[in-house]
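Below is one structure, written out as structure tokens, with a few remarks after it.
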Amino acid sequence: MASWGFPFLAEPEEVAALRGLVRTRLSDWGLQELSDSAQLCVSELVSNVITHVGRGTPASLSLSLRGARLRIELRDPDARALPTLVEASDEAESGRGMALVDALTERWGVELHDGSKVTWCELVAIPAAPDEQAGARATRAAKVLSSYGDGELFSTSRRSRLGAMAAEAAAIDIIADLLHWLQTHGHDTDEILDRAQMHFEAELEATRVSR
């Protein structure tokens, strides 16, 4: 089972960032076909917390892939303000949030806990094969590499030692730039490198098993 979680404060300006994180995570999992629906669901669930619980509410978003189901969960500390499915008129400016979630997902619900609640919904997922995921990653990497150097050196028609050296140099520059960015924003670069290596090796192993 794949899973991911992120704590945040429920503010309107956070919605776009959360959508971007969801889009990236689903791309990593090879679930691009669910990205639009998942992002809309996240937007509505977060907006529901902002409207009915309050701006600045500490909340957390989590995604998990269980078999063929992508589960989205949003936890907030108010177990009293429950989301409800209402029939909004065409002229209504609000009230369509959970109706949209209901229309996009296979099922949804609310779990009550001591001092908190979890609003969840599920989409049916058909993950891409590991080798397809690797191919998509390689394609994205090639585009980024081209922006760091002479695109012709990376083309399939000029696979020379010079082209290989240029690609390696560009890749090193990209990694170094990302590490600088992470360090500037307070991240542990050694930990990030270790996690990236583990992620890479796990995907390689998954590709070998699938063949």
Looking for something over 24 Å from Ala196 (Cβ atoms), surrounded by fewer than 13 Cβ atoms within 10 Å (Cβ to Cβ) and in the same structural domain as Asp76 (by TED's automatic domain parsing) - is there at least one such residue anywhere in region 16-25?
yes
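Condition check ((1) in a strand (DSSP E or B); (2) touching a residue at least 60 places away in the same chain (Cβ under 8 Å)) across all residues:
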| residue | (1), (2) |
| --- | --- |
| Pro7 | yes, no |
| Ala16 | no, no |
| Arg25 | no, no |
| Asp36 | no, no |
| Arg55 | no, no |
| Ser60 | yes, no |
| Leu65 | yes, yes |
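Yes/no matrix, rows are residues, columns are (1) within 24 Å of Ala2 (Cβ to Cβ); (2) modelled with pLDDT of 85 or more:
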| site | (1), (2) |
| --- | --- |
| Met165 | no, no |
| Ala171 | no, no |
| Ile175 | no, yes |
| Leu182 | yes, yes |
| Phe200 | yes, no |
| Leu204 | yes, no |
Name the single residue, out of those in region 82-117 being in contact with a Gly (Cβ under 9 Å, 6 or more places away or on another chain) and aliphatic (A, V, I, L, M), that is modelled with the lowest pLDDT.
Ala88
Identity of the residue in region 39-52, among the β-branched types (Val, Ile, Thr) and more than 21 Å from Arg71 (Cβ to Cβ), that ends up surrounded by the fewest Cβ atoms within 10 Å (Cβ to Cβ):
Thr51
From (1) closer than 23 Å to Leu34 by Cβ; (2) at pLDDT 85 or above; (3) not in a strand (DSSP E or B), pick out the condition that doesn't hold for Leu74.
(3)
If you go through region 164-174, how many residues are β-branched (Val, Ile, Thr) and loosely packed, with under 12 Cβ neighbours inside 10 Å?
1
Residue pairs within 7 Å by beta carbon, gap of at least six or interchain, first lying in region 100-122 and in the same structural domain as Glu44 (by TED's automatic domain parsing), second among the small types (Gly, Ala, Ser) and crowded, with 17+ Cβ neighbours inside 10 Å, listed first then second, are Leu104/Ser37
Output the number of residues of region 63-76 satisfying the condition of being within 14 Å of Glu111 (Cα to Cα) and surrounded by fewer than 21 Cβ atoms within 10 Å (Cβ to Cβ).
3
Conditions first: (1) out of contact with any helix residue (DSSP H, G or I) (no Cβ under 6 Å at 6 or more places or on another chain); (2) in contact (Cβ under 8 Å) with a residue 24 or more places away in the chain; (3) part of a helix (DSSP H, G or I). Gly20 passes all but one, so which condition is the exception?
(2)
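The values are calculated or read from the model by the stated rules, or taken from the named source; none is laboratory data. Note that the structure is predicted; figures quoted are calculated from it, not measured. We place every Cβ from the backbone using ideal geometry, glycine too, and count neighbours over all the protein chains shown.
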